[in-house]
1. For segment 156-226, which chymotrypsin sites (Phe, Trp or Tyr not before Pro) are both in a DSSP coil and crowded by at most 12 other Cβ atoms within 10 Å?
2. Using each residue's phi in segment 172-188, evaluate 6.51 cos²θ - 1.76 cosθ + 1.60 at θ = phi - 60° and report the 3J(HN,Hα) Karplus result to the nearest Hz, with x for Gly and Pro.
3. If exposed GluC sites (Glu not before Pro) are those in a DSSP loop with at most 14 other Cβ within 10 Å, what is the longest stretch of the chain that has none?
4. Which entries in LYS280/LYS403; LYS153/LYS403; LYS153/LYS280 show an alpha-carbon gap greater than 26 Å?
5. If the viscosity is 0.692 mPa s and the temperature 37 °C, what Stokes-Einstein diffusion coefficient in µm²/s follows for segment 327-437 when Rh is the Kirkwood radius over Cα pairs?
6. Counting pairwise Cα distances across segment 20-435, what percent come out greater than 41 angstrom?
7. What number does segment 258-325 give for Rg over Rh if you use C-alpha atoms and the Kirkwood radius?
8. For each of ASP313, ASP44, count neighbouring Cβ atoms within 10 Å of the residue's Cβ, then give the residues from fewest to most.
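Only the coordinates and a few stated rules stand behind these numbers; no lab work does. Every value quoted in this text rests on a predicted model; they were computed, and no experiment measured them. Using ideal geometry, Cβ is built from the backbone for each residue, glycine included, and neighbour counts are taken over all protein chains shown.
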Amino acid sequence: MSQQLDLAGNAQHGQSTFEAGTYAKVTWRLLPLLFLCYVASYLDRVNVGFAKLQMLNDLKFSETVYGLGAGIFFIGYFLFEVPSNIILHRVGARVWIARIMITWGLVSGAMVFVNSAPMFYVMRFLLGIAEAGFFPGVILYLTYWFPANRRGKITALFMTAVALSGVIGGPLSGWVMQTMPGVQGLAGWQWMFIIEALPSLALGLAVLFFLQDRVIDAAWLGDTEKQFIAAQVQAEAEEKNEGTLSQTFSDPRVWLSALIYFTFVMGLYGVGFWLPTIIKATGVKSVFDIGLLSAIPYAVAAVAMVLIGRSADRHRERRWHVAIPAFVGSVGLILSTIYSHDTLLAMAALTVATAGILATLPLFWSLPTAFLRGAAAAAGIALINSLGNLAGFVSPYAVGLLKDLTHSTDAGMYLLAASLVLGGILTLSMPARLVNK
């Protein structure tokens with residue numbers, strides 16, 4: 001009897017070792033490239049927040065014009081998000097993600113030609129169209145390779161790219177804008193757009209060579225490893241009801257998820273587009289110093305995202321791991337307004353806010369992917385992401401408008417704080433049995 005137990009234990013240990021090794025291989029093969037792609041994506045999306053420090057004066061834009069231009073990106077993004085993700089599901093991630101990255105790199109670099117408010121709006125709108133489908137496409141792509149009980153940590157690792165883009169992008173943007181004005185007759189903000197578009201173009205080409213669409217295409221996996229992953233993903237898929245596109249669009253869980261995501265994205269882009277301005281308002285004058293300081297909240301957020309993602313996977317609990325960071329982020333935003341004239345205390349509060357906001361995002365995606373699969377997942381994830389990202393239009397525009405009206409970002413930060421609280425409450429309204437897997 002004892003020998004049988006030992007044999008069973010050894011078999012179980014061997015299976016566990018094989019499983020861990022297989023998923024480690026998949027993670028190291030896919031995640032670094034997707035991670036770098038998202039760093040480039042987010043940097044090209046929000047570097048306009050740094051360009052603002054010089055562009056508004058050069059082009060005579062108001063805060064409202066900036067807020068509208070920053071946010072109009074998400075109108076183009078919204079209109080093309082669902083079609084883009086459905087195309088990705090049909091033609092494969094490799095070709096479609098490469099197309100997305102190359103076109104958004106070209107459009108982002110072309111921001112150098114902006115010389116008027118209408119042109120600013122048009123270029124931001126085109127950038128939204130170009131990038132539509134990248135993020136939900138990757139979220140969908142990860143469901144082809146990882147079961148639900150591993151996606152919390154994997155998605156968190158992938159989404160720390162948002163934080164890393166802030167760590168890298170802030171100092172880089174500040175340095176370029178401070179040291180390159182006048183080079184070849186271009187302003188510092190124009191050089192920033194050119195330099196920060198180059199990684200997107202290079203990574204788009206890399207995707208064509210290194211990404212595989214399906215597990216079966218992965219020559220770097222053995223046959224047993226392929227079969228194991230496929231069996232796990234298929235077993236999870238069979239527990240979900242794929243449904244039709246019309247059923248997906250009429251599913252109240254999808255619309256609730258979209259509303260929750262909207263509230264979190266309000267906070268994300270409130271910080272993303274206005275962090276440099278808020279830091280400047282505390283009394284920091286040097287563009288490079290603003291860039292260095294802006295890296296701090298994102299560095300702390302990267303650690304928080306990974307630790308909370310691991311905790312959620314370990315406990316197989318999602319709702320509170322989403323809601324609590326949202327509440328913490330709200331408190332951080334409120335404190336940042338209270339201490340807005342003290343650089344040290346304001347930075348501490350902004351760090352708490354950024355860590356809380358960013359920690360909600362990867363774990364949020366464990367909610368809808370728990371009940372969507374197949375074509376319904378492609379459409380549902382894209383619908384949730386596109387509707388949620390409309391907050392990327394509302395948030396910067398509302399903060400800019402409130403700043404023009406009140407000559408302070410305080411009212412805008414209170415609006416974002418309230419949005420995060422609402423998102424946390426709505427998350428807790430989702431049935432635990434549906435999402436805790």
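1. TRP220
2. My calculation for segment 172-188 gives 5, 4, x, 5, 4, 5, 8, 9, 10, x, x, 5, 6, x, 9, 6, x Hz in order.
3. Details: sites that count: GLU239, GLU242.
Longest stretch, sites excluded: 1-238.
4. Violating the 26 Å limit, Cα to Cα: LYS153/LYS403; LYS153/LYS280.
5. Approximately 210 µm²/s, per Stokes-Einstein.
6. Cα-Cα pairs in segment 20-435 separated by more than 41 Å: 11 percent.
7. Values: Rg = 15.3 Å, Rh = 14.0 Å.
Over the Cα atoms of segment 258-325, Rg/Rh equals 1.09.
8. Sorted ascending by nearby Cβ count, the order is ASP313, ASP44.
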